[in-house]
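One structure below.
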Amino acid sequence: MTKKINKDLTAEQKLVLFEDGTEAPGTSELNHEKREGSYHCTNCDEKLFDSNAKYESGSGWPSFYQSLPDAFETKTDTLLGYERVEYHCKKCGGHHGHIFEDGPKPTGKRYCNNGVCLTFKPKL
């Protein structure tokens, strides 16, 4: 996939989305977002998560127990010396985070997302 990078992204957004960087935990304003709405890819505006799937994981990053269908592609990441499931926006290829198996019901999954990769859109 050819990655089309939005020219309006910040340096940190480009680092996380397209160079597999990670934002510092606890720094995203989206950690405290409680309104009803949806979360979109900061690069391409693809809708990725509904707010009803967001929960407080205690990890320091916005976390969701499920994504929207066909929102992401995954691959195995061994950068830290063990296997993790990394996920990328299916539309633009931007790296968003990792999926862990320690989330709440009904899925048991935790999509641990870098906040700089998301744009929140409140329900109107």
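The values are calculated or read from the model by the stated rules, or taken from the named source; none is laboratory data. These numbers come from a predicted model, not from an experiment. Cβ coordinates were reconstructed from backbone atoms using ideal geometry, including for glycine residues, and neighbour counts include every protein chain displayed.
Quick test for you: out of Thr78, Thr119, pick the one residue that is under 17 Å from Asn31 (Cβ atoms) and β-branched (Val, Ile, Thr).
Being under 17 Å from Asn31 (Cβ atoms) and β-branched (Val, Ile, Thr) holds for just one of Thr78, Thr119, which is Thr119.
When you look at Asp77, is it surrounded by fewer than 19 Cβ atoms within 10 Å (Cβ to Cβ), touching a His at 6+ places or on another chain (Cβ under 8 Å) and within 23 Å of Leu15 (Cα to Cα), yes or no?
yes
Which numbered condition in (1) out of contact with any Cys (no Cβ under 6 Å at 6 or more places or on another chain); (2) surrounded by 17 or more Cβ atoms within 10 Å (Cβ to Cβ); (3) without any contact (Cβ under 8 Å) to a residue 60 or more places away in the chain; (4) within 17 Å of Thr119 (Cα to Cα) is the only one that His40 fails?
Result: His40 fails condition (3) only.
Taking segment 7-18 on its own, how many of its residues are surrounded by fewer than 18 Cβ atoms within 10 Å (Cβ to Cβ), in contact (Cβ under 8 Å) with a residue 40 or more places away in the chain and either under 19 Å from Tyr87 (Cα atoms) or among the aliphatic types (A, V, I, L, M) (or both)?
2
Can you name the number of the only condition in (1) charged (D, E, K, R); (2) out of contact with any strand residue (DSSP E or B) (no Cβ under 6 Å at 6 or more places or on another chain); (3) under 23 Å from Pro104 (Cβ atoms) that Glu33 fails?
(2)
Does segment 82-89 contain at least one residue that is part of a loop (DSSP other than H, G, I, E, B), at pLDDT 95 or above and surrounded by 15 or more Cβ atoms within 10 Å (Cβ to Cβ)?
no
Only one residue in Gly26, Gly97, Gly21, Gly58 is among the small types (Gly, Ala, Ser), in contact with a helix residue (DSSP H, G or I) (Cβ under 7 Å, 6 or more places away or on another chain) and either assigned to a strand (DSSP E or B) or surrounded by fewer than 18 Cβ atoms within 10 Å (Cβ to Cβ) (or both). Which one?
Step by step, each of Gly26, Gly97, Gly21, Gly58 is checked, and only Gly21 is among the small types (Gly, Ala, Ser), in contact with a helix residue (DSSP H, G or I) (Cβ under 7 Å, 6 or more places away or on another chain) and either assigned to a strand (DSSP E or B) or surrounded by fewer than 18 Cβ atoms within 10 Å (Cβ to Cβ) (or both).
Okay, residues lined up against (1) modelled with pLDDT of 95 or more; (2) of a type in the set (Val, Ile, Thr):
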{"residue": "Glu29", "(1), (2)": "yes, no"}
{"residue": "His40", "(1), (2)": "yes, no"}
{"residue": "Ser59", "(1), (2)": "yes, no"}
{"residue": "Pro62", "(1), (2)": "yes, no"}
{"residue": "Thr74", "(1), (2)": "yes, yes"}
{"residue": "Thr78", "(1), (2)": "no, yes"}
{"residue": "Lys91", "(1), (2)": "yes, no"}
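Looking only at segment 62-74, how many residues end up being outside any loop (DSSP other than H, G, I, E, B) and either touching a Gly at 6+ places or on another chain (Cβ under 9 Å) or surrounded by fewer than 19 Cβ atoms within 10 Å (Cβ to Cβ) (or both)?
4
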